[in-house]
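Trainee: There's a structure below that I have some questions on.
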Amino acid sequence: MTTNRREFLKIAGVSTLSLIAPAIVCPAWAKDKIIPVSNSPEALSPSKALTAKRWAMAIDASKCPADCVDCIAACHATHNVPGFGNPKDEVKWIWQEKFAAAFPNESHAYLRESLQKQQLPVLCNHCANPPCVRVCPTKATFQRHDGIVMMDYHRCIGCRLCMAACPYGARSMNYRDPRPFIARINPDYPTRTKGVVEKCNFCQERLAKGLGPACVVACKEKALVFGDMENPQSEIRLLLEKRFNLLRRASLGTKPQIYYIL
Amino acid sequence: MGCSEESTFPGCVKDAAGRVIHGGPVYLVFLSFFIVLFLAGVVSGVYSLFIEGSRHAYGTYREIPLALLIATYIFFVVASTGLCLVSSIGHVFGNRDFLPIAKRSVLLALITIISGFLVIGLEIENPFRMMLYLFTSANLSSNIWWMGTLYMLYMIFMAVEFILLMRESHRIAAFFGFLSVLAGVSAHSNLGGIFAMLSGRDVWYGPFLPVYFILSAMMTGSAFIILFSIVAQKLRGQGMNEDEQKSLALVSKLAMLMIAAVAFLTIWKMITMTTGGETRLITLHETISGSHAFSFWVLEIACGLVIPFALLLWSRGTKRGLMLVASGLMIFSIFFMRLDLVVMAQIVPLYWELGVREFSQLHTYSPTWKEILVAFGGIGFCGMAFLLGEKVFNGFSGIRCANAVENGKAESEP
């Protein structure tokens, strides 16, 4: 019986080790082998590609004309964002919110009324310390070296914790097949399937071709400025040095990279 | 499986099947009911996820992405961890008074964790991808990853432990029981960590939830043991022996202690929310005097804490009718505790403004009947497996642990 027990313990020990082994081996393996193609230096720096050490955006909302949605229309058309026609399902990459709603902690009852009602474009903040990347169990959400927080739709299991983790409500779930709800499919960008989360990707596919983000290009008023925060001579850095600006919910430590000029 | 050592495996299976078939009309009615519930849940979940699309089927939406089925999953895994912890007091940590409840508790812990996995499998949008990428693309900073992996290990340890307990190999069973406790506590605190580390969700954020989850697991585990032990006794149609009665009385005392601990934590959670900023204040008002007041005061506080505590106190660990009602009420209300815990932290919009103070723009959540069916599917599996287990293992009537085990270390192998 003692021999049996010893045998049993051997088997149990080996089984346990074999179960734990993937957990030990896997992260290193995953890091080396499953690194997204778009995260490799080659992919980030082809000849025409726009590159940066830290991509960021500045939004001067005072330049936004009332009722203008050019940036939203351009983004959603470029990225095949579906229009489900129901706010509960809505997939949003960039949209508008009132200042008081986007900055609840900075807002109070006696703030200038025009500012309280000012519509701001809001989008994924591409945080330097993104909670959505931390919580994703399968690395379906990941961060590139240039700061862009992206989705690998094929690895998304649809647990939706990233949606709960994002303090900015910038992530949307495809609760049903989005394809029938896309007004006009852009063949240059993939459509998604049911059961995956999506969000703004700072137009990484356009940056790779040497083009600026669709929303920035579409804005006739030049209210959106996109650039490298690590470059002191970049347009965005020079602009932010001159103008007062705010970050959304900065106290959370997420280090958002969308700067609102007020 | 409750048959003699000379019996062959097919013989044992035949005996067990015979005991199930001849379980009596009441037994068979309940068994059929739970089987139907289980099948309805599975059909509803598979149809919702793979055919219809969850938006049409489930009540979750953009602003409240986590709801009933996450709460149901939490309910089951909390129960499982609690059962594991309470049963370990006897056969792992050597308190002999808890030994008579060990086998049933371990089996229930296994059943409840499988129920939890069943529900989460029908909740997550891409369960097959989860099984693949959890191992091939692991994110070690993710609490979900740790929880999932540790709960899988926990389930395996529990299964081995149960087999060993049934073979009366108590010393090795105690070792696997210890591993189960380690994995269970780690997994369970990670479950709390999933919510506790979301700095953007004021109501969840902080060290409260992992601690609360462990204590409420003990409370849930105690309630499950009391309820299912009394039901099992009714099924057997025999009185409890002295050891079982003593054990149940102790579990009842433990349940009271845990109710007190959870009440204490709940009180302080509420008090601290009065000074935690706008979101917490709005949530607090909505909880105690808004549309969730009934759920909080009646379902959580009265049915979950006050009445069960009073009934258990009154029962003195001997009046089993009172204990049955108390534990049933606890289990019923703990389910709503989980639901409120998950949903209430999401009702205040991330884009709230001053008007929200009027409670006119808070998010609301109503489960759909298909979602409710999936939750019932988990309950159906739990009930079905328990009833089958009682007959298959012959009501654990061959319990020899009190004589065979000395402080959880003695060996009773031949």
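The values are calculated or read from the model by the stated rules, or taken from the named source; none is laboratory data. Just so you know, these numbers come straight off a predicted model, no measurement behind them. Here the Cβ positions follow ideal geometry from the backbone for every residue, glycine too, while neighbour counts run over all protein chains shown.
Trainee: Contact list please: Cβ distance under 6 Å, first residue in the range A:175-191 and more than 14 Å from chain B (Cβ to nearest Cβ), second residue assigned to a loop (DSSP other than H, G, I, E, B), pairs at least six apart or on different chains.
Mentor: Close Cβ pairs satisfying both conditions: A:ILE182/A:ASN80; A:ILE182/A:PRO82; A:ILE185/A:ASN80; A:ASN186/A:ASN80; A:TYR189/A:HIS79; A:TYR189/A:ASN80; A:THR191/A:ASN80.
Trainee: Pick out, from the range B:121-202, the helices (runs of 4 or more DSSP H) lying fully within it that include 2 or more residues that are surrounded by fewer than 20 Cβ atoms within 10 Å (Cβ to Cβ) and under 19 Å from the mean Cα position of the chain (by Cα).
Mentor: Ranges flagged: B:143-166, B:170-196.
Trainee: Does the range A:97-107 contain at least one residue that is closer than 28 Å to A:GLY212 by Cα and away from every other protein chain (no Cβ under 13 Å)?
Mentor: Among the residues of the range A:97-107, not one is closer than 28 Å to A:GLY212 by Cα and away from every other protein chain (no Cβ under 13 Å), which makes the answer no.
Trainee: For the range B:188-199, enumerate the residues that are touching a helix residue (DSSP H, G or I) at 6+ places or on another chain (Cβ under 6 Å) and within 13 Å of another protein chain (Cβ to nearest Cβ).
Mentor: Answer for the range B:188-199, where residues must be touching a helix residue (DSSP H, G or I) at 6+ places or on another chain (Cβ under 6 Å) and within 13 Å of another protein chain (Cβ to nearest Cβ): B:ASN190, B:LEU191, B:GLY193, B:ILE194, B:PHE195, B:ALA196, B:LEU198, B:SER199.
Trainee: Is there a residue being at pLDDT below 90 and within 27 Å of B:LEU31 (Cβ to Cβ) anywhere in the range B:167-187?
Mentor: Checked the range B:167-187: at least one residue is at pLDDT below 90 and within 27 Å of B:LEU31 (Cβ to Cβ).
Trainee: With the structure loaded, tell me whether A:ARG248 is crowded, with 20+ Cβ neighbours inside 10 Å, within 14 Å of chain B (Cβ to nearest Cβ) and in contact with a strand residue (DSSP E or B) (Cβ under 6 Å, 6 or more places away or on another chain) or whether it fails that test.
Mentor: Answer is no for this residue.
Trainee: Between a first residue in the range B:337-352 that is within 11 Å of another protein chain (Cβ to nearest Cβ) and without any contact (Cβ under 8 Å) to a residue 60 or more places away in the chain and a second residue that is in a helix (DSSP H, G or I) and surrounded by 19 or more Cβ atoms within 10 Å (Cβ to Cβ), which pairs have beta carbons less than 7 Å apart while being 6 or more apart in sequence or on different chains?
Mentor: Correct list of pairs: B:TYR351/A:ALA101; B:TYR351/A:ALA102.
Trainee: What single numbered condition from (1) surrounded by fewer than 22 Cβ atoms within 10 Å (Cβ to Cβ); (2) within 14 Å of another protein chain (Cβ to nearest Cβ) fails to hold for B:PHE93?
Mentor: So the condition that B:PHE93 fails would be (2).
Trainee: Within the range A:100-130, take every residue that is touching a residue at least 60 places away in the same chain (Cβ under 8 Å) and in a helix (DSSP H, G or I) and give me the one that is farthest from the chain's Cα centre (by Cα).
Mentor: Only one residue tops the list, namely A:LEU115.
Trainee: Restricting attention to the range B:49-60, does a residue exist that is at pLDDT below 90, away from every other protein chain (no Cβ under 13 Å), surrounded by fewer than 21 Cβ atoms within 10 Å (Cβ to Cβ) and outside any helix (DSSP H, G or I)?
Mentor: No, the conditions are met nowhere in the range B:49-60.
Trainee: For the range B:245-301, enumerate the residues that are within 19 Å of B:LEU227 (Cα to Cα) and free of Cβ contacts under 8 Å to residues at least 12 places away in the same chain.
Mentor: Selection gives B:LEU257 alone.
Trainee: Select from the range A:69-89 the residues that are surrounded by fewer than 18 Cβ atoms within 10 Å (Cβ to Cβ) and part of a loop (DSSP other than H, G, I, E, B) and write down the one among them that is nearest to the other protein chains (Cβ to nearest Cβ).
Mentor: That would be A:LYS88.
Trainee: So which residues in the range B:233-260 are buried (at least 17 other Cβ atoms within 10 Å of the Cβ) and touching a Phe, Trp or Tyr at 6+ places or on another chain (Cβ under 8 Å)?
Mentor: Result: B:LEU235, B:SER247, B:LEU250, B:VAL251, B:MET256, B:ILE259.
Trainee: Separate question: Being in contact with a Gly (Cβ under 8 Å, 6 or more places away or on another chain) and within 9 Å of another protein chain (Cβ to nearest Cβ) is the filter; apply it to the range A:108-148 and report the residue that is nearest to B:SER137 (Cα to Cα).
Mentor: Here the residue is A:PRO137.
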